[in-house]
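See below for the structure under consideration.
The values are calculated or read from the model by the stated rules, or taken from the named source; none is laboratory data. Remember, predicted model here, so these are calculated numbers, not experimental data. For neighbour counting, all protein chains shown are included, and Cβ atoms are generated from backbone atoms with ideal geometry for every residue, glycine included.
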């Protein structure tokens, strides 16, 4: 049985563990209300997120030295200030808005599933989020991680192999003893290439009601789960 | 007030948070009893620990590439097998003995103090122990860390400056916003040179009843605490 070979579950976080889109929309809408700024805040969240992969690719390609995701989020936010009427925000207000990514809400099943899984397995982040972001997010959302690993620990961004390999190594495990949990097929393909086992979790509204990507597994992943509670059940917890 | 400037407490672990000596003596004595091997197991614990600094210095000096503390402990253990009658242990028994360092008991005040401190501050390890060791130890002893940082994260062993500096940086903080908690004066001197604030905690029996070192603070540390509960009180928790 798969669960007998696995020692640790390692998690994608944005979209898989927490609802980044709903939470960023909520934060931006609240700020807009307070400031009397009317804009399409769902589009703002999508625009901000759309700058995420290009910014990481500058680091992956060596055009930027190692830069944390907090700092990349801030660089990306600067591009959106003018079009979204936010150019007059104070530095403190800007930092607070940028740290919306440290206050993302978990999906309804997340915490209950993690708590069950933690009774049998080590749980670690394998996210592109930096340590400070992940630590504050864990406190905010009540996520019981044993360790914050992934990008900053390995000084690399997924899907680079070292992000996965260094995370398994830090846990004192072979890649085969780690189960990568993600709502994103491309993340699982990269993890499988490194030898990790794979679990796809459905998050059909990560990108909103009209989501078109990652609606279903596109390969024979080791586990396919409806949510984290289902995942816990399938892993014998 | 100091507590108003501090965002995170970062901890030395061996000796400060957990009683390595009593726990290693306990593990070795139990093994000796099971195997019918009579040896002075307190001396065994002290001999094993005495090899700790020399082994790390090989890494610090570049004579060894990066090597985890789990692996250094194992190298050091090999030297003690013959004199302590352990040469016939199986590989599984050897690994279990080596992992005694993952099953060290906390001091009586440790968990209660950490739980109070965690309500106000981020808590992270700033230990020479590697991630896997620290993760298993946290589970064993019930230590509520927000992050495992220190040596493996920074790929350096204390008292090298980057161990302290990279830990503060990973938390998104300046060194001045971090309070280094240690029962070891030399650890605090190194932390202060990096700009961290300092807290000395008395552990008068870390090295047994006849301890001669670190019996008192040797400088004007920002905090001097009797134990972790006293530390929590002094930090306003």
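Quick rundown of the values:
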| read-out | value |
| --- | --- |
| Total residues in region B:192-202, condition over 25 Å from residue A:67 (Cα atoms) and crowded, with 20+ Cβ neighbours inside 10 Å | 5 |
| Options B:10, B:24; residue that is in contact with a strand residue (DSSP E or B) (Cβ under 9 Å, 6 or more places away or on another chain), under 17 Å from residue B:137 (Cβ atoms) and surrounded by 21 or more Cβ atoms within 10 Å (Cβ to Cβ) | B:10 |
| Of residues in region B:145-155 being outside any helix (DSSP H, G or I), over 14 Å from the mean Cα position of the chain (by Cα) and at the interface with chain A (Cβ under 8 Å from one of its Cβ atoms), the one farthest from residue B:190 (Cα to Cα) | B:146 |
| Number of the condition not met by residue B:95 [criteria: (1) more than 30 Å from residue B:235 (Cα to Cα); (2) within 14 Å of another protein chain (Cβ to nearest Cβ); (3) crowded, with 17+ Cβ neighbours inside 10 Å] | (3) |
| Hits in region B:156-195 (condition: closer than 15 Å to residue B:121 by Cβ and under 18 Å from the mean Cα position of the chain (by Cα)) | B:167, B:168, B:178, B:179, B:180, B:181 |
| Selected residue (only one of B:95, B:82, B:78, B:27 is at pLDDT 95 or above and out of contact with any helix residue (DSSP H, G or I) (no Cβ under 9 Å at 6 or more places or on another chain)) | B:82 |
| Residue A:154 being without any contact (Cβ under 8 Å) to a residue 40 or more places away in the chain and over 20 Å from residue A:224 (Cβ atoms) | yes |
| Positions within region B:1-29 being more than 23 Å from the chain's Cα centre (by Cα) and without any contact (Cβ under 8 Å) to a residue 24 or more places away in the chain, in sequence order | B:4 |
| Residue that is surrounded by the fewest Cβ atoms within 10 Å (Cβ to Cβ) [pool: residues in region B:132-144 that are at the interface with another protein chain (Cβ under 9 Å from one of its Cβ atoms) and touching a residue at least 60 places away in the same chain (Cβ under 8 Å)] | B:132 |
| Answer residue from region A:156-174, given it is at the interface with chain B (Cβ under 10 Å from one of its Cβ atoms) and assigned to a loop (DSSP other than H, G, I, E, B) and is surrounded by the fewest Cβ atoms within 10 Å (Cβ to Cβ) among those | A:173 |
| In region B:30-54, residue nearest to residue B:99 (Cα to Cα) [restricted to those that are assigned to a loop (DSSP other than H, G, I, E, B) and in contact with a helix residue (DSSP H, G or I) (Cβ under 8 Å, 6 or more places away or on another chain)] | B:51 |
| Extreme residue, nearest to the other protein chains (Cβ to nearest Cβ), among residues of region A:175-185 that are in contact with a strand residue (DSSP E or B) (Cβ under 8 Å, 6 or more places away or on another chain) and farther than 20 Å from residue B:139 by Cα | A:176 |
| Every residue from region B:67-81 that is within 16 Å of residue B:134 (Cβ to Cβ), in a helix (DSSP H, G or I) and either touching a strand residue (DSSP E or B) at 6+ places or on another chain (Cβ under 6 Å) or within 13 Å of chain A (Cβ to nearest Cβ) (or both) | B:69, B:70, B:71, B:73 |
| In region B:108-131, residue nearest to the other protein chains (Cβ to nearest Cβ) [restricted to those that are under 12 Å from the mean Cα position of the chain (by Cα) and assigned to a loop (DSSP other than H, G, I, E, B)] | B:130 |
| Test: residue in region B:46-56 that is more than 23 Å from residue B:149 (Cβ to Cβ) and touching a residue at least 60 places away in the same chain (Cβ under 8 Å) | yes |
